[in-house]
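Below is one structure; the comments refer to it alone.
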Amino acid sequence: MSAVARKVDDATREAAGDGLHAEMRGVTRVYPGGIHALAATDLRLRRGEFYSVIGPSGCGKSTLLDVLSGLSKPTGGEVLFEGRPLDGRVPEGVGVVFQEDASFAWLNVADNITFGLRRNGVDAAEIARRLDHALRLMGLVDFATAYPAQLSGGMRQRVCIARTLVMQPRMILLDEPFGALDAQTRLVMGDELLKVWRATGATVLLITHALDEAAMLSDRIGVMSARPGHIIEELETNWPRERDSRIAADPAFGAITARLWTLLREESLKTLQQSKPSQGKPS
Ligand code: ADP
């Protein structure tokens, strides 16, 4: 077990129940103005699993992540992390990574990565230790003194992941983290993410619109309906823990992506119908 996982105290572990790490129970989210983003959504994340969420554009994927992380409050229902209801904040132990490059342009890579630790008053030796670990894990050792503008999009996204990692999250939520990257870089970043997942023992929830990404990275995939979104089907991949993008050559990969595509196509067509102007008859 990793040091990160050991940090979870026994009482919390017991409260979390057998293997359950985070849970959404009948969660709904209606935005001001009346947009119904999430229908009653149930989600149970097992401790240490890699779970991806796919769904048509605008179905509520980011909303689900915002509510699960504590960034946004649900309109109804309940969200629990390690057995405790969220209290309107992102709980200690939860890290979030977004698609957009969130690095600070005026700080070098090392200062970007350690920003949160310094703000939290973590002592210098511990900061150095965590920085060293994150730089190694994300392949950034030679870039510690570089500035974001000197890096490619993929490298900048590594910096953002490293910045989350040094906070030692037990659950990492990622919202389309590779969405802005080209196909080859996305593949490499997917493999990096699997390494991070194995090295930290963290539970990972990945929001993605890419079926192949979901199919090759995940233990389980939740498919969302058209808006108002909820999870309509969960697929278990049964991939070994030691895996990388080469798993795409496995015959099972084709079967998984085919099933995902069937579900997603149906829901995407519904989304298209929703976005058509109403066909009211002229009076
Ligand atoms: P996805 O991530 O699946 O593309 P989102 O969760 O971003 O979907 O959005 C779901 C729906 O809620 C969309 O129709 C979107 O326009 C709407 N929405 C998202 N954020 C807000 C907001 N802050 N205020 C009003 N509507 C929002």
Item to complete: Give the residue that is nearest to the chain's Cα centre (by Cα), with candidates limited to residues of the range 78-104 that are within 16 Å of the ligand (Cβ to nearest atom) and of a type outside the set (A, V, I, L, M).
Response: Phe98
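Here is a yes/no grid of residues against (1) within 16 Å of the ligand (Cβ to nearest atom); (2) within 17 Å of Asp244 (Cα to Cα); (3) in contact with a Ser or Thr (Cβ under 6 Å, 6 or more places away or on another chain):
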position: His133; (1), (2), (3): no, no, no
position: Met138; (1), (2), (3): no, yes, no
position: Gly153; (1), (2), (3): no, no, no
position: Gln157; (1), (2), (3): no, no, no
position: Ile161; (1), (2), (3): no, no, no
position: Gln168; (1), (2), (3): no, no, no
position: Met171; (1), (2), (3): no, no, yes
position: Ala199; (1), (2), (3): no, yes, no
Item to complete: Of the conditions (1) at pLDDT 95 or above; (2) crowded, with 18+ Cβ neighbours inside 10 Å, Ala134 clears all except one; give me its number.
Response: (1)
Discussion item. Condition (residue is closer than 18 Å to Pro169 by Cβ and within 16 Å of the ligand (Cβ to nearest atom)) applied to the range 105-114: is it met by at least one residue?
Written reply: no
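May I ask you to list the residues in the range 31-55 that are near the ligand (Cβ under 7 Å from one of its atoms) and either surrounded by 21 or more Cβ atoms within 10 Å (Cβ to Cβ) or under 20 Å from Ser218 (Cβ atoms) (or both)?
Selection gives Ala37, Gly55.
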Item to complete: For Val109, indicate whether it is surrounded by fewer than 13 Cβ atoms within 10 Å (Cβ to Cβ) and closer than 19 Å to Met189 by Cβ.
Response: no
Worksheet entry | Scan of the range 57-77 for residues that are more than 6 Å from the ligand (Cβ to nearest atom) and either out of contact with any strand residue (DSSP E or B) (no Cβ under 7 Å at 6 or more places or on another chain) or in a loop (DSSP other than H, G, I, E, B) (or both), ordered by number | Asp66, Gly70, Leu71, Ser72, Lys73, Pro74, Thr75
Worksheet, complete the sentence: Result of the Cβ filter at 9 Å on the range 194-212, keeping first residues that are on the phi > 0 side of the Ramachandran plot and partners that are crowded, with 20+ Cβ neighbours inside 10 Å, at least 6 apart or interchain, is Gly201/Arg47; Gly201/Gly48; Gly201/Arg170
Discussion item. Whether any residue in the range 19-30 is modelled with pLDDT under 95 and either more than 8 Å from the ligand (Cβ to nearest atom) or within 18 Å of Ala202 (Cβ to Cβ) (or both) is what I want to check.
Written reply: yes
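Listed residues Asp182, Asp219, Asp191, Asp212; which is over 12 Å from the mean Cα position of the chain (by Cα) and modelled with pLDDT under 90?
Step by step, each of Asp182, Asp219, Asp191, Asp212 is checked, and only Asp182 is over 12 Å from the mean Cα position of the chain (by Cα) and modelled with pLDDT under 90.
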Worksheet item: Of all residues in the range 57-76, how many are without any contact (Cβ under 8 Å) to a residue 60 or more places away in the chain and among the hydrophobic types (A, V, I, L, M, F, W, C)?
Response: 2
Worksheet item: Could you say which residue among Glu213, Glu234 is within 28 Å of Val67 (Cβ to Cβ), more than 16 Å from the ligand (Cβ to nearest atom) and in contact with a Gly (Cβ under 7 Å, 6 or more places away or on another chain)?
Response: Glu234
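Among the strands (runs of 3 or more DSSP E) confined wholly to the range 187-283, which include 3 or more residues that are of a type in the set (Ser, Thr, Tyr)? Talk me through it step by step, then tell me what you get.
Values: elements: 203-207, 220-224, 231-236.
By residue number, no strands (runs of 3 or more DSSP E) qualify.
Working only within the range 151-172, note down all residues that are surrounded by fewer than 17 Cβ atoms within 10 Å (Cβ to Cβ) and at pLDDT 95 or above.
Correct list: empty.
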Practice prompt. Being free of Cβ contacts under 8 Å to residues at least 40 places away in the same chain and in contact with a helix residue (DSSP H, G or I) (Cβ under 7 Å, 6 or more places away or on another chain) is the filter here, so list the residues in the range 99-117 that pass it.
Written response: Ala110
Worksheet item: What number of residues in the range 179-223 are in contact with a helix residue (DSSP H, G or I) (Cβ under 8 Å, 6 or more places away or on another chain), of a type in the set (Val, Ile, Thr) and more than 20 Å from Cys59 (Cβ to Cβ)?
Response: 5
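The values are calculated or read from the model by the stated rules, or taken from the named source; none is laboratory data. These numbers come from a predicted model, not from an experiment. Quick reminder, even Gly has a Cβ in these numbers, built from the backbone with ideal geometry, and neighbours come from all protein chains shown.
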